Amino acid sequence: MSRTTLIAFIISLCAWQYSHAQAFSVHINQLDSLMLHAPKPVLILLSTDWCSICASQKDILRKHKRFHQLSPHFYFVEFNGESRERVIYQGKEYFYRPSGVNVGSHELTQHLNDNDKAAYPTWILLSPGYQQVFKQKGLLNVLQLDELLTAMEKTFVQQNKK
Amino acid sequence: MTQKTISSDFKNEIEIILEKDDYKLEEVVVSGSLKQVSKLDSPIPVEVFTAKFFQTNPAPTIFESLQNINGIRPQINCSICNTGDIHINGLEGPYTMVMIDGMPIVSGLSTVYGLNGIPQALVERVEVVKGPASTLYGSEAVGGLINIITKTPTSAPRFNVESFGTSWQEYNLDVGGKFKLGKAQSLLGANYFKYGNPEDKNGDNFTDVTLQNRISIFNKWNIDRADNKLFSVAARYVYEDRWGGEMNWSRKFRGGDEVYGESIYTKRWELMGAYDLPTTENFTFTFSLNGHDQNSAYGNTFYIANQKIAYGQLTWRKEFGKHDLLMGAAYRYTYYDDNTVATTEASKTHLPGFFVQDEITIHPQHKLLLGARYDYNSIHGSILSPRINYKWNSEDRTQVLRIGVGNGYRVANIFTEDHAALTGARQVVFVDNLKPETSWNGNINYIKKFYMPGGSVFSVDASAFYTYFDNKIIPDYETNVNQIIYGNLEGHAVSKGVSLNIDWAHSSGLKAMIGSTLMDVYSVEEGIRQQQMLTEKVMGTWTIGYNLRRHKISFDYTGNLIGPMKLPTLGENDPRPDKSKAWSIQNIQVTKQFNNGWEIFGGVKNFLNWTPTKGGIEIISRSHDPFEKIDDPNLLPFDTSYVYGPNQGARGFLGLRYNLL
């Protein structure tokens, strides 16, 4: 390949981008006040910036229409398990705990995992009363996500209507 | 998935549980790929390898495991004592910096020891930067950087043990665990490796593989502070006793001229840490202290060396607007002494340095990193090394492009780095005063990821690199077969190439990582172009795994393929070929996981039974007369530097692993 065709190839690859879906997740620090005013189920996705399966999971979410359609019925929180932020969750403070230079994990990750070994990605579903009802270590594909949404719809949305 | 509503009396809560037919769900769970995404936000390309990757071909040290990473080749430099170094894109070991959790092990005498002794179970991932890493570590990181990230107190097992043995009677034992003491959390690990069964399969009366006894202990502390700042200290101790030589060698012949043997006793300790100052500003102090004590006898030549390094670095990080500024000052002190004639008195070098770098987020998709470093070396004087990196990512983050250009330098110390200087009967000769090597490097890296709706990930990672060296220090084996002449290269050297990695994590449980690097490493002196010795032009690596989730059985097939290399022969009369043939080392493994934390694994390493002696090549010249007692000018000198791959044939292995979470 000549140099010019190589450059042209790189440029065309760069230009090839997907359309971008709207932001739909709620920041973890907003959760407390949101839940106070309008309790809803909470779906948390724990990930890190170096985990490729997490990136794949986020890509599936971006393209999942039903997920976006149903999102008004729950709060979706994306949380980086190695985030440096101070977090207030259920009125309690959680911090980043460094374990080396540019390495560490967040206390909230530990808490959400019930002190179990952390894995990425991890899905956690909480009821409007902050009770953990579902936990999944690993990726949920399009169909599984559908199944989870159906289950959520049946249990929470329909229950609300009663 | 089915869902159940449990109306419990007290809270009327709902629980979504998984029932029997949920195996479908289990099947598609991809718990982690072998190679993780390179850190997306970093303008410098970082490749991340998980602990799972290293388990696909279990090895007693991370050094050996690196053979399955594209662009990296652990190189054995001595056919008798089997000491080695790490080649990254054709650049030799001393160019590589090793760190533990970002705390540097400033190593000098041997980078390889930095990769020993951390039990695999305590390793969370290994981050690799190929090419000049950053302005942060100066001369240490010209070739690349290997950062071993240990598990956090959350993810580490409470206790773990892993043990395996091979049909060559090699035994490896890893023990690790964590505990808490007041406000401190600690990781503790130990490794013991023994190979005590001399083998001579090629019949040259020399041991094929060096006998080894090695113990290493690693301990890391994280101290919880009220302000949640970092305070981390780690220590490691390695003791190793290794020997190789004529089959009838025993310790009583050490240093004598009756029976040839190379025996090395190594004691090495390291202490390193990182501490955030309790100020509102972000100041971090990292330090590293180490001592390396080597007592070796190569035949009747003793090499007894002692090196101590103290290193400290204070950095200040400040974020304002689009800028993430990092400034720092570093100081390195090296004490070195040995018993050779070249070192009449201990050398003490001081290397203070300053650096500044600014990571500018021009736009969420564009990042620019500007850096410069100034060092003052007590021997070489002032050295300035600037660099610039740029990163672009697509809006959906499936594409990343990185471009970097920079300058690096290296202060060389022949005795601590080039083992060839010490073995054999060759005389070491220096030309003039050696100047520090300087290099200019450029690299381009492009990553594209494809996500499938089923959860599979396919990614392509392509890079091109170019490094231009000035004053390169090159050992000359050819001008005089009885000498190794070291000098600054008059002219220049170039290392350039392209590499491609393909990564595939399929939701069925199939994972594949295939990579290849094409490179050209050569020097030009007085218009004459020469290929670098012991450097291949093409290499490939692969790791292919399949996981039968339902039965908790996984299969791993790993291997590498190394193209022909130019080899150091002793002139026209040397019967050994001056070029190697392409060679490949391939391994298979089966692992069965049990629910109670136990795992059993076994397989065959190097099942093609490749060794450099294949085809009847005698890799050691004059092996029948290592002390050169026969007075015949037609005989070639005794030479052990002709080696380019591990001289160990096929072997089966079987091991057990236990994790208490």
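The values are calculated or read from the model by the stated rules, or taken from the named source; none is laboratory data. Because the structure is predicted, anything quoted here is derived from the model rather than measured. Positions of Cβ are generated from backbone atoms using ideal geometry, with glycine treated the same way; all protein chains shown enter the neighbour counts.
List of remarks:
- Some residue of the stretch B:227-248 being hydroxyl-bearing (Ser, Thr, Tyr), touching an Asp or Glu at 6+ places or on another chain (Cβ under 7 Å), surrounded by 16 or more Cβ atoms within 10 Å (Cβ to Cβ) and within 14 Å of chain A (Cβ to nearest Cβ): yes
- The set of residues in the stretch B:373-385 that are within 30 Å of B:Val400 (Cβ to Cβ) and more than 26 Å from the chain's Cα centre (by Cα) contains only B:Leu384.
- Residues of the stretch B:281-304 satisfying the condition of being among the small types (Gly, Ala, Ser) and part of a strand (DSSP E or B): B:Ser288, B:Gly291, B:Ser296, B:Ala297
- Every pair of residues 6+ apart whose Cβ atoms lie under 6 Å, when the first sits in the stretch B:146-172 and is within 14 Å of chain A (Cβ to nearest Cβ) while the second is of a type in the set (A, V, I, L, M, F, W, C) and surrounded by fewer than 19 Cβ atoms within 10 Å (Cβ to Cβ): B:Pro157/B:Leu660; B:Pro157/B:Leu661; B:Arg158/B:Leu660; B:Phe159/B:Leu660
- Qualifying residue in the stretch B:213-233 (condition: within 22 Å of the chain's Cα centre (by Cα), under 18 Å from B:Thr83 (Cβ atoms), part of a loop (DSSP other than H, G, I, E, B) and at pLDDT below 95): no
Let's see how each residue does on (1) of a type in the set (Ser, Thr, Tyr); (2) closer than 18 Å to B:Asp625 by Cα; (3) in contact with a helix residue (DSSP H, G or I) (Cβ under 9 Å, 6 or more places away or on another chain):
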position: B:Asp241; (1), (2), (3): no, no, no
position: B:Asn248; (1), (2), (3): no, yes, no
position: B:Leu271; (1), (2), (3): no, no, no
position: B:Thr284; (1), (2), (3): yes, no, no
position: B:Ser296; (1), (2), (3): yes, no, no
position: B:Gly299; (1), (2), (3): no, yes, no
position: B:Ile304; (1), (2), (3): no, no, no
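- B:Asn82 part of a strand (DSSP E or B), more than 29 Å from B:Leu351 (Cβ to Cβ) and modelled with pLDDT of 80 or more: no
- Some residue of the stretch B:35-43 being modelled with pLDDT under 70, within 17 Å of the chain's Cα centre (by Cα), within 14 Å of another protein chain (Cβ to nearest Cβ) and not in a helix (DSSP H, G or I): yes
- Residue list for the stretch B:151-188, restricted to those being among the charged types (D, E, K, R) and surrounded by 17 or more Cβ atoms within 10 Å (Cβ to Cβ): B:Lys151, B:Glu162, B:Glu170, B:Asp174, B:Lys178
- Only a single criterion out of (1) within 14 Å of chain A (Cβ to nearest Cβ); (2) outside any strand (DSSP E or B) is not satisfied by B:Val128, namely (2).
- Selection over the stretch B:568-625 of residues that are in contact with a strand residue (DSSP E or B) (Cβ under 7 Å, 6 or more places away or on another chain), closer than 22 Å to B:Glu64 by Cα and either surrounded by fewer than 14 Cβ atoms within 10 Å (Cβ to Cβ) or not acidic (Asp, Glu) (or both) gives a count of 20.
- Residue, surrounded by the fewest Cβ atoms within 10 Å (Cβ to Cβ), within the stretch B:189-208, restricted to residues that are in contact with a Gly (Cβ under 6 Å, 6 or more places away or on another chain) and assigned to a strand (DSSP E or B): B:Asn191
- Enumeration of residues in the stretch B:92-107 that are more than 10 Å from the chain's Cα centre (by Cα), within 23 Å of B:Ala493 (Cα to Cα) and either buried (at least 24 other Cβ atoms within 10 Å of the Cβ) or modelled with pLDDT under 70 (or both): B:Pro94, B:Tyr95
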